[in-house]
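For reference, the structure discussed in these notes is given below.
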Amino acid sequence: MAELTALESLIEMGFPRGRAEKALALTGNQGIEAAMDWLMEHEDDPDVDEPLPTPLGHVLGREPTSSEPGGPEGTSSNAGEAKPVLSEEERQEQTKRMLELVAQKQREREEREEREALERERQRRKQGQELSAARQRLQEDEMRRAAEERRREKAEELAARQRVREKIERDKAERAKKYGGSVGSRPSPPTEPGPVPSSPSQEPPTKREYDQCRIQVRLPDGTSLTQTFRAREQLAAVRLYVELHRGEEPGGDQDPVQLLSGFPRRAFSEADMERPLQELGLVPSAVLIVAKKCPS
C-alpha cells in the first residue's frame, strides 16, 4: 500500500505546514516519528512557528549543486518520480495509524512528565527532611551550649562561695591569733575578767530579703487559689488575680471583692491596694480571705 510522505502525513494529522517542515528539517528528515517527537517536545516553545533561516546559497544567489537538496539531479529525480495517489480508504487508514502514533507519543510524554513530577516531589521531600534534620541539630547544639553555660556559671558560683568561706575562716584565724596574743602579753586582774570578744558565730543574723511572695487566697465557696507574686508587686495585683480566676457566680454578675488577712484580722482598704506586698507584711507567704465588698 502506498504511503503519504512525512510532510503530508504531519499536515493530515493537523500540524501546521511551517511547523511540520521545520520539524523535518531539524531532525534531518529521519522520518515522521522523529519529527513528531520534536513537535511534541517543542510545542510550547515561543519560537516554534518561526521559519528556519534561509540557506547561505540562496542568500547569495548561488544555485544549489547536484549534491545539495534541490540541485539539478535532485530536481530531475524528483520530477521523474510520479507521486503515488492514495484512495480514500488508504488515506483514512494512513491517518488512523498516524493518529494512533500521536496518541502513543502523547501517552509516553505524559508518563515521562509524571515520572519527572514524582522525582521532583521526592527531591523536595528529601530536601525538607534534610532541612528539618539541620534545624534539629542546630536546636540540640544551642541546648547543649546553654547547658554548658549553666554548668560553668554554677561552677563559678560554687568557687566564689568557697573563696568567701575560706576568707571568713582566715579572718577568724587572724582575729583569734590577734586577741589571743594580746591577752597573753597583758595579764588581767583575776577578780575582773576582761570583756570577751565577740565571735562571728555570736553576731546577730541579718534579716533575709525575699523577692517573691506566695499568696494563698480562700474563696467564699471554700475553695482556694495559690499564686506566687513578686514582693514589690502591689496588693491590687492579687485582687485582680482573684477576680480573673474565681468561679462564675449564679446570675452571671461578679460582685467586687474585699481582701482580709487571716491573723491578725485586718481588712485591706483601697489605699492598701497601691502598697507593695512586702510593705503590708505578706512576704514571704500569707493567707488572704476573700469577702464580698459591701456597697458604700
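Near LYS126, once Lys and Arg are set to +1 and Asp and Glu to -1 for all other residues with Cβ below 14 Å from its Cβ, the sum equals +1.
With both labels modelled 7 Å from their Cα along Cα-to-Cβ, the GLU88 to ARG112 distance reads 3.8 nm. Remark: the VAL287-THR228 segment gains 20.0 nm on full extension, using 0.36 nm per residue and subtracting the alpha carbon distance. Listed by chain and number, the lysines whose C-alpha is less than 21 Å from the C-alpha of LYS292, apart from same-chain residues fewer than 8 away, amount to an empty set.
Rule-based calculations on the coordinates, nothing more; no lab input. Everything numeric in this text was worked out from a predicted model, so none of it was measured. Here the Cβ is made from the backbone with ideal geometry for all residues, glycine too, and neighbour counts use every protein chain on show.
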